[in-house]
1. When the expected Rg is taken as 2.2 N^0.38 Å, what fraction or multiple of it is the alpha-carbon Rg of the range 4-156?
2. For every other residue with a beta carbon closer than 11 angstrom to the beta carbon of V72, add +1 if it is Lys or Arg and -1 if Asp or Glu, then tell me the sum.
3. Taking the Cα centroid of the range 178-193 and of the range 11-80, what is the distance between the two, rounded to the nearest whole Å?
4. If you line up the Cα atoms of the range 172-331 on their principal axes, what length do they span on each, largest first, in Å?
5. In the range 1-103, which trypsin sites (Lys or Arg not before Pro) are in a loop and have at most 16 other Cβ atoms within 10 Å, using DSSP for the loop call?
6. Compute the angle between helix 120-131 and the longest alpha-carbon principal axis of the chain, please, reported from 0 to 90 degrees and rounded to the nearest 10.
7. Cross-link partners among lysines for K167, C-alpha distance below 24 Å, same-chain residues fewer than 8 apart left out?
8. Determine the sum of side-chain charges near T134: Lys and Arg each +1, Asp and Glu each -1, restricted to other residues whose C-beta is under 15 angstrom from that of T134.
Amino acid sequence: MGTVQAILCGYYGQGNGGDEALLASLLQMLPQHVRPLVLSGNPQQTRNRYRVNAINRKDPRALLQAFRQSQVFIWGGGSLIQDATSAVSPLYYTGLMKLAQMLGLKTIAWAQGIGPLQRPLTRWVARQTFARCTAVSVRDRGSAKYLADWGISFTLAPDPVWAMESKSVSGLWDLPAPRVAVNLRPHPLLTPDKLAVLTQALIDFQKATQTCILLVPFQKSQDLAIAQTIQPHLPGPNQIITLEDPQQLKRVFRGVEMAIAMRFHGLIMAAAEECRCFALSYDPKVSQLMQDLSLPGWELSAIPDNPNLISQTWIEQYANGSPLSGDQIQFLVDRALIHQEVLQKALATL
């Protein structure tokens with residue numbers, strides 16, 4: 001079987017740990033005869049980290065050359081087609097997909113998290129673009145409903161990061177145990193007053209449990225400032241852990257007893273590494289994950305104003321909560337590998 005080139009398109013090279021984990025998962029699952037070419041916000045970093053070819057995702061000349069030299073175009077996972085945060089972003093991704101389709105490339109929408117789609121134009125463009133894909137896989141029931149309503153065939157499987165291999169983290173086991181990981185990200189509902197309440201709750205939680213608090217930003221440009229705001233107030237051992245390799249980021253959670261997380265992939269990584277989880281949901285995808293896994297947590301809008309109530313809830317989960325069982329995790333990993341089967345089937349004829 002000859003080698004073919006596939007363009008991998010996602011929110012890559014932007015410093016977001018979740019999207020980098022999706023890229024690592026996709027590279028892990030690609031058939032061996034497929035040579036990846038990644039569209040990246042930081043091509044040099046992507047080349048160095050994954051040992052793959054990469055080009056600037058906004059360089060028109062490089063993009064056109066890549067399309068002419070490739071046989072496959074893949075949307076590589078995540079919430080690419082949604083207009084809640086930007087009306088322009090989904091048009092960028094659908095524009096590239098439609099160009100690939102016009103040029104005759106085989107097109108795959110892989111491990112997608114579709115929506116919210118609040119604008120009629122976005123919904124129309126998304127429907128037309130998905131309908132012309134060779135294969136479509138989605139990671140959640142909400143995305144599946146969009147496609148079912150549009151009459152588009154699809155495969156539903158858990159997020160591929162469940163099956164992403166992890167790598168060891170130097171120095172992690174030298175930090176005091178037991179450890180609890182905390183990941184917060186900016187959001188309009190996470191006001192300074194709300195952050196102050198959560199910080200006081202963490203102070204009380206640490207005093208009661210004598211744990212080492214690991215503050216784990218997933219996107220340095222967004223999350224680090226919050227971690228740096230919290231850190232000076234913590235009364236016990238703590239560490240800000242900034243890792244750019246998503247496989248190392250996942251392994252961090254193997255070394256902690258509990259994770260308090262806002263980010264979707266933070267919760268998946270923690271649960272996959274047999275860690276107790278407590279979710280703070282800012283998005284429907286996080287709320288749906290909470291429901292699917294029966295994770296305790298709060299919607300961001302419903303977090304109590306009383307730090308004592310928050311800390312007592314966290315203490316209860318730390319003391320008596322249970323991680324997913326080994327069988328549950330293996331089931332999710334096996335199901336996540338269905339995304340690999342989608343790729344193999346769609347690319348087998350090339």
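What follows draws every value from the coordinates through simple rules; no lab data is involved. A quick note: this is a predicted structure, and the numbers were derived from the prediction, not measured. So basically every Cβ, Gly included, is an ideal-geometry build from the backbone, and we count neighbours across all protein chains shown.
1. The value comes to 0.97.
2. +2
3. Here the two parts' Cα centres lie 30 Å apart.
4. 40, 36, 33
5. Sparse-neighbourhood loop trypsin sites (Lys or Arg not before Pro): R51, K58.
6. Once rounded, one gets 60 degrees.
7. Excluding near neighbours in sequence, the set is K220, K250.
8. Summing Lys/Arg as +1 and Asp/Glu as -1 gives +3.
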